[in-house]
Amino acid sequence: MALLAQGIDYFGEDGFPVTARRVRTEAGGRPSHPHDVTEIDHYHDFCELVLVLGGRGRHVLEGESFSVGAGNVFVVQGQQIHSFREREDLVLVNVMYDPARLPLPAGLLRRLPGYSALFLLEPTFRSAHRFSSRLQLDRKDLGAAEALAERIERESSEARPGHEAVLLGLLVELMAFLSRRYGESDVRESRALLQMGRLISTLEQRYREPWTLEQLARFAHVSRTNLLRIFRQATGKAPIEYLIGLRIEAAKRLLRQSDLGMTEIALETGFGDSNYFARQFRIVTGRTPTAFRRAGRV
């Protein structure tokens, strides 16, 4: 039976949900830190960004086994059961974070195709790609990533005033750095994920345009059927549903921050007409645009 690794053991009861732990292969299998469950089948109630700094071993994930070595970088999502076996001088840094409790600038991060590919898509398609779509860093970039992880570990342990803001900034910087590097990958499987990442990035920035499902499929170079399947696996939503969500968020900003009329907001956010806008807004938020604006100004 797999063990649940709980965030409270790493972040603390009231701690900010970002930290890092270094794991070494110790003589006799001794743990590297309290609550080190590296060799035990376990899952998390948080996410884990794994940097392989040296050595080699096997990563057992959801019953499948993949070889890992220096420079490998990958994300383990919360409910995925995993462990590391056959460790030979394996050195890891695990950057742990709970996205549900963090004000991550997800919309800005998704403008990086590599972010969607590395953090959303690669964990989903890892088994199908036999781990070949993982991120592989060279020595220089691995050193830069390790330096950021070390700063996260130090800020978390020292907990000086303002450490929460610093930890959030360091995590976002690390995510952006790794996303950029993933965006430069020339591995075939990675390129396929990046193509879908580019679609997500494009929608984040061009949500006002009158996209159709056919246009989105052509942009991603996949069939409509594959687009629907892969996109939902990556985001939890169908492409048009995701697009409407982006438009609604933009409309919320305009309702709060401007005096534009409903027709103007509908046109500005890509809905085309005010009736369609109002109908979709109510479906997504449970309120009319007018009621939302009124509540925001009370």
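No lab work stands behind these numbers, since they all come straight from the coordinates. Here the structure is a predicted model, which means the values were calculated and not measured. Here Cβ is always computed from backbone atoms with ideal geometry, including for glycine, and neighbour counts include all displayed protein chains.
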> Net charge near Arg110, counting Lys/Arg +1 and Asp/Glu -1 over other residues with Cβ under 14 Å of its Cβ?
Replying inline: +3
>> Show me the trypsin sites (Lys or Arg not before Pro) within segment 97-189 that DSSP assigns to loop and that have at most 13 other Cβ atoms within 10 Å of their Cβ.
In response: Arg130
> Which FRET efficiency value, to the nearest 0.05, do you get for Ile283 and His221 by plugging their Cβ-Cβ distance into 1/(1 + (r/R0)^6) with R0 = 41 Å?
Replying inline: 0.85
> For segment 206-298, what are the per-bin percents of Cα-Cα distances with bins 10 Å wide, up to the bin holding the maximum?
Replying inline: 17, 44, 26, 12, 1
>> At 7 Å along Cα-to-Cβ for each site, give me the label-to-label distance between Ala159 and Ile240 in nm.
In response: 5.1
> So, with +1 on the Cβ of K and R and -1 on the Cβ of D and E, and no other charges, what is the size of the charge dipole of segment 206-298 about its Cα centre, to the nearest 20 debye?
Replying inline: 360
> Of all the C-alpha pairs in the chain, what % are more than 32 Å from each other?
Replying inline: 35
> Asp259 versus Lys140, label points 7 Å from Cα toward the beta carbon: distance in nm?
Replying inline: 5.4
>> Using each residue's phi in segment 260-266, evaluate 6.51 cos²θ - 1.76 cosθ + 1.60 at θ = phi - 60° and report the 3J(HN,Hα) Karplus result to the nearest Hz, with x for Gly and Pro.
In response: 4, x, 5, 5, 5, 5, 4
> Which of Ala291, Leu228, Leu254 sits closest to the plus end of the dipole of segment 206-298, meaning its Cα is farthest towards the positive end, when Lys and Arg get +1 and Asp and Glu get -1 on the C-beta?
Replying inline: Ala291
> When only DSSP loop residues count, what trypsin sites (Lys or Arg not before Pro) in segment 238-291 have their Cβ near at most 14 other Cβ atoms within 10 Å?
Replying inline: Arg287
>> Taking every alpha carbon pair in segment 1-75, what does the distance histogram look like in 5 angstrom bins from 0, in percent?
In response: 3, 13, 23, 27, 22, 10, 3, 0
>> In Å and on Cα atoms, what radius of gyration and Dmax does segment 172-219 show?
In response: 12.7, 35
> Check Leu90: other-chain or 5+ apart residues with amide H under 5 Å from its amide H, H built from backbone geometry?
Replying inline: Thr25, Arg56
> Separation of segment 29-52 and segment 228-298 by C-alpha centroid, Å?
Replying inline: 41
> Using θ = phi - 60° and the Karplus form 6.51 cos²θ - 1.76 cosθ + 1.60, what ³J(HN,Hα) does each residue of segment 30-41 get, whole Hz, x for Gly and Pro?
Replying inline: 5, x, 7, 7, x, 6, 6, 10, 3, 8, 9, 4
> What share of the DSSP beta bridges in the chain is antiparallel, in percent to the nearest 5?
Replying inline: 90
>> Rounded to whole Å, give me the distance from the Cα center of segment 142-163 to that of segment 170-227.
In response: 30
> So who's got an amide H within less than 5 Å of the one on Glu39, skipping anything under 5 residues away but keeping other chains? H placed 1.01 Å off N, in plane.
Replying inline: Phe84
> For the chain, what is the mean residue ellipticity at 222 nm derived from helices alone (per DSSP H run of n ≥ 4: -39500 (n - 2.57); sum divided by total residues; nearest 500 deg cm²/dmol)?
Replying inline: -14000 deg cm²/dmol
